[in-house]
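First the structure, which I've put down as C-alpha cells, then a few questions once you've had a look.
The values are calculated or read from the model by the stated rules, or taken from the named source; none is laboratory data. Bear in mind that the values here come from a model prediction, so they are computed numbers and not experimental data. Note that we place each Cβ from the backbone using ideal geometry, even for glycine, and neighbour counts take in every protein chain shown. Ligands, DNA and RNA are stripped out before the accessible areas are found, and what is left, the full protein with its side chains, is counted by its heavy atoms. Shrake-Rupley method; radii C 1.70, N 1.55, O 1.52, S 1.80 Å.
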Amino acid sequence: MMGLVSGRRRATSNANGPVNVLRSKEGGSRSSGDADAAEDDTLVVEPDQGNVLSHIISQLRPGADLSRVVLPTFILEPRSMLERITNFMCHPEMLLPIPKIDDPVERFVAVVKFYLSGWHIRPAGVKKPLNPILGEIFTCYWEFPDKTRGYYIAEQTSHHPPKSSYFYMVPDHHIRVDGTLKPRSKFLGNSAASMMEGTAILTILNRGKDKTRGERYILTQPNMYARGILFGKMKYELGDHSFVRCPELGLVADIDFKTKGWVGGTYNAIGGIIKNEKTGETLYELSGLWSEEMFIKDVKTGHKEMFFNALKSKPSPPLCRPLAEQEERESQRLWAKTVQAVKERNHELATDEKTKVEDVQREEAAKRANDGVEWHPRLFRRVRGGPGGPEEGEEDLEWIINAQIDAPTPEQRAAQIMAIYPIVKGQKVNQKNAIPPRGSIDASRHPSAEAPAKKGGDGDLIDFGQSEQASHPAQQQREQQPKPQQQQPPSPPVVEEQPPLDPSHKSTMDVQKMLAATGSPKNDGPLINFHKDMDKNLPAGGIKRVDTADSEDDFVDAEE
C-alpha cells in the first residue's frame with residue numbers, strides 16, 4: 001500500500017528457486033538493541049547515492065537526449081507496486097485471531113493494531129516501486145502455521161490515472177480484503193509526495209448483523225514524502241491523517257502520521273485516537289513511532305501499554321510461483337530483466353529494459369485507440385454499487401474481483417479463488433476461461449515469434465475486443481461480404497453465377513456459402529442506398545432547411 005518507501009527491511013523477489021519467496025534483506029527482525037540504528041533508518045545509507053539532481057546533471061552532455069537521462073538505481077525498488085502492496089498482509093499473526101474476538105471494541109482495536117503493523121516493512125533508502133503496466137497481474141500466497149493459506153491477486157486496472165486493484169482472502173479464518181490503490185505524485189520544491197488515494201475494505205465474514213455481507217472495516221492510508229530530492233540528504237516520511245472506520249460498530253480510529261518540523265519533532269511519529277462516532281467519546285489514544293514502538297492508552301483508566309513493537313516483529317513474506325510458470329504479463333516475469341539490472345546497479349541496462357516494457361504498453365494503447373477498442377481488466381469488474389446495489393458502500397473501490405466466492409466450506413472457497421488465476425506452484429491457467437492480454441511483450445520484441453491467430457471454435461469464452469476485426473459489428477458485416485476486387489466477370493443472363501468464396505476471411509465456410517448464396521457484390525457505392533427511396537417519398541416541392549434563432553437542433557448529413 002505504498003509508493004516512495006524507505007527503511008532497513010527489504011522484501012524483494014528471488015525468482016531462481018523452485019518457489020519464489022519474498023525475503024527480508026536482513027533475514028530477521030531488529031532487536032531493541034538496534035534502536036540507535038533505527039533512529040536514522042530514513043536517511044540515505046549508501047555512500048555514493050548523493051541526491052537525484054546531482055546524479056542527473058552528471059549525465060548531461062552537449063547534444064544529449066534528455067529523454068534518455070536515467071534515474072539513479074537507488075531510486076527504483078526492484079519490484080512492482082502490485083507486489084509491494086503485499087507488505088500490508090505480512091503480519092498474519094495480527095490478523096488471523098481477529099474473527100474470534102467477541103467483544104466489538106476489542107475486535108476494532110485489533111484491526112487497528114493489524115493496520116499499523118505493516119508500515120515498518122520497507123527497503124533501505126528512498127525507493128520507488130516500478131509502475132505497473134495496464135493489465136499487469138501479480139499473485140502470491142501465504143502458508144500459515146495452522147496449515148491454512150492466504151491468497152492474494154492484483155491487477156493494474158488503469159494506467160492514466162494509475163489504479164492497482166487487489167484481493168486477499170483467508171477462507172479458513174473468515175477474512176477478506178478488497179482494495180484499490182490510486183497513487184498521485186506531487187512535486188513540492190525539495191520534496192516529492194506520493195498522495196496515496198484509494199481505499200481498502202477488510203471484511204470479517206463471520207461477524208456483522210448481515211451474515212451475507214460480514215462486518216466491514218474501511219481503511220485509508222497516509223501519504224509518502226521523499227525529502228531532499230534536489231539538495232541535501234534524501235529522507236522518507238509518512239504524513240497526514242489516515243482512518244480505520246467500522247460503520248456498523250460506530251467506531252473510528254483517526255491516526256496522524258506526523259512529519260518532522262523544521263525546528264522540533266522527530267521522524268516516524270504517530271498520534272491518534274479511537275472514538276465512538278455515535279457518542280463522540282474517545283476510548284483510546286495512540287502514540288509512538290511506526291518504525292519502532294507504538295503504545296495505546298485507555299482514556300478511562302489511564303492505563304498505557306505497548307501496542308506494537310516493530311523492532312521485534314518478524315514479517316511473513318508470501319510465496320510466489322517460479323518465473324517459468326508465470327505468464328509474460330505477470331509482474332515478476334514482466335520486470336525480471338529490469339529488476340536484475342537494478343540489483344546489479346546497471347543504470348543503462350535497467351533503463352533499456354524498463355523502456356522496452358513501457359514502449360509495448362504505448363503501442364498497445366495506440367492500437368486500441370486506432371481500432372476503437374475499449375480495454376477491460378482480465379480479473380476484476382466494475383463495482384455494482386449505488387443505493388440498493390449488491391455492493392453498496394464499496395463504490396470507492398471502483399473495481400472488484402470478478403468471481404463469486406460463496407461456497408459453504410473453506411476448501412471449496414479456496415478452490416473458487418484458485419480458479420480465478422494460478423496462485424500456487426504447479427497451477428496452470430484455465431485456457432477455456434482465460435482472456436489473453438491485449439498484446440505480447442515477447443512478440444513485440446521478436447515479431448517473428450508472434451503466434452498465429454486462433455481459428456473458430458478455439459476463441460475466448462468472452463470476447464472483450466482482442467480481435468480488432470470483430471470489434472465493430474458493422475465492420476464485421478462489411479468484411480463478410482465478398483470483396484469487389486475478387487468479383488468474377490459478368491455471367492450470361494441465363495445462368496447467374498455466384499461470387500467466389502474469399503479464403504482470407506475468418507468466417508466459417510457455412511457462413512461464407514450462405515452469404516454467397518443469398519447476396520451479390522456491389523460494384524461501388526454504399527452497401528445500402530437509401531437516397532432513391534427518399535426521393536420517391538419526398539414532396540414534389542422538396543424540403544427547405546430554415547434555421548431559427550431559438551432552435552438548438554444540429555443537422556448532420558449521414559456519411560456514405
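Determine whether Val360 is β-branched (Val, Ile, Thr) and under 19 Å from the mean Cα position of the chain (by Cα).
yes
Go through the range 198-248 and give me each residue that's touching a Cys at 6+ places or on another chain (Cβ under 8 Å) and among the aromatic types (Phe, Trp, Tyr).
Listed by number, the list holds a single entry, Tyr217.
Given Gly271, Gly288, which one is in contact with a Phe, Trp or Tyr (Cβ under 7 Å, 6 or more places away or on another chain), over 29 Å from Gly150 (Cα atoms), open to solvent by less than 40 Å² (accessible area, probe 1.4 Å) and without any contact (Cβ under 8 Å) to a residue 40 or more places away in the chain?
Answer to the check: Gly288.
Could you identify the single residue in Gly386, Gly372 that is at pLDDT below 90 and open to solvent by less than 60 Å² (accessible area, probe 1.4 Å)?
None of the other options fit; the residue is Gly386.
In addition: May I ask you to list the residues in the range 147-181 that are on the phi < 0 side of the Ramachandran plot and either free of Cβ contacts under 8 Å to residues at least 24 places away in the same chain or of a type in the set (A, V, I, L, M) (or both)?
Ile153, Ala154, His160, Pro161, Met169, Val170, Ile175, Val177, Leu181, listed by residue number.
Which condition from (1) modelled with pLDDT of 95 or more; (2) open to solvent by less than 20 Å² (accessible area, probe 1.4 Å) is the one that Ser313 breaks?
Only one criterion in (1) modelled with pLDDT of 95 or more; (2) open to solvent by less than 20 Å² (accessible area, probe 1.4 Å) is unmet by Ser313, namely (1).
Quickly run through the range 158-217 and pick out the residues that are aromatic (Phe, Trp, Tyr) and either at pLDDT 95 or above or touching a helix residue (DSSP H, G or I) at 6+ places or on another chain (Cβ under 8 Å) (or both).
The answer is Tyr166, Phe167, Tyr168, Tyr217.
All but one of (1) within 24 Å of Ile98 (Cβ to Cβ); (2) surrounded by fewer than 20 Cβ atoms within 10 Å (Cβ to Cβ) hold for Gly228; state the number of the condition that does not hold.
It is condition (1) that Gly228 fails.
Then there is this: Tell me which of these Tyr217 doesn't satisfy, since it passes every other one: (1) of a type in the set (Ser, Thr, Tyr); (2) surrounded by 17 or more Cβ atoms within 10 Å (Cβ to Cβ); (3) under 21 Å from Pro129 (Cα atoms).
The failed condition is (3).
Mind listing whichever residues of the range 151-197 are part of a helix (DSSP H, G or I) and open to solvent by 10 Å² or more (accessible area, probe 1.4 Å)?
Listed by number, the residues that qualify are Asp172, His173.
Does Thr148 qualify as being surrounded by fewer than 23 Cβ atoms within 10 Å (Cβ to Cβ), among the hydroxyl-bearing types (Ser, Thr, Tyr) and modelled with pLDDT of 95 or more?
Answer is yes for this residue.
For Pro410, which of the numbered conditions (1) in contact with a helix residue (DSSP H, G or I) (Cβ under 9 Å, 6 or more places away or on another chain); (2) within 30 Å of Asp146 (Cα to Cα); (3) without any contact (Cβ under 8 Å) to a residue 60 or more places away in the chain; (4) not β-branched (Val, Ile, Thr) fails to hold?
(3)
A further question follows. Among what's in the range 291-303 and is in contact with an Asp or Glu (Cβ under 9 Å, 6 or more places away or on another chain) and more than 21 Å from Arg107 (Cβ to Cβ), pick the residue that is surrounded by the fewest Cβ atoms within 10 Å (Cβ to Cβ).
Only one residue fits best here, namely Glu292.
Provide a single number: the residues in the range 224-267 that are farther than 17 Å from Glu285 by Cα, among the aliphatic types (A, V, I, L, M) and touching a residue at least 12 places away in the same chain (Cβ under 8 Å).
7
Look through Lys147, Lys100, Lys163 and report the one residue that is touching a Lys or Arg at 6+ places or on another chain (Cβ under 6 Å) and within 24 Å of Ile405 (Cβ to Cβ).
Lys163 is the lone residue from the list that is touching a Lys or Arg at 6+ places or on another chain (Cβ under 6 Å) and within 24 Å of Ile405 (Cβ to Cβ).
Of Arg84, Arg122, which residue is crowded, with 24+ Cβ neighbours inside 10 Å, part of a helix (DSSP H, G or I) and at pLDDT below 95?
Arg84
Limited to the range 318-332, what total is found for residues that are in a helix (DSSP H, G or I) and among the hydrophobic types (A, V, I, L, M, F, W, C)?
2
Residues that are acidic (Asp, Glu) and more than 23 Å from Thr220 (Cα to Cα): does the range 298-307 have at least one?
yes
Sticking with this one: Restricting attention to the range 231-238, does a residue exist that is open to solvent by less than 20 Å² (accessible area, probe 1.4 Å) and small (Gly, Ala, Ser)?
Within the range 231-238 (the criterion being open to solvent by less than 20 Å² (accessible area, probe 1.4 Å) and small (Gly, Ala, Ser)), the answer is no, since none of the residues qualifies.
Taking Ile229, is it of a type in the set (Val, Ile, Thr) and touching a Phe, Trp or Tyr at 6+ places or on another chain (Cβ under 8 Å)?
No, not satisfied.
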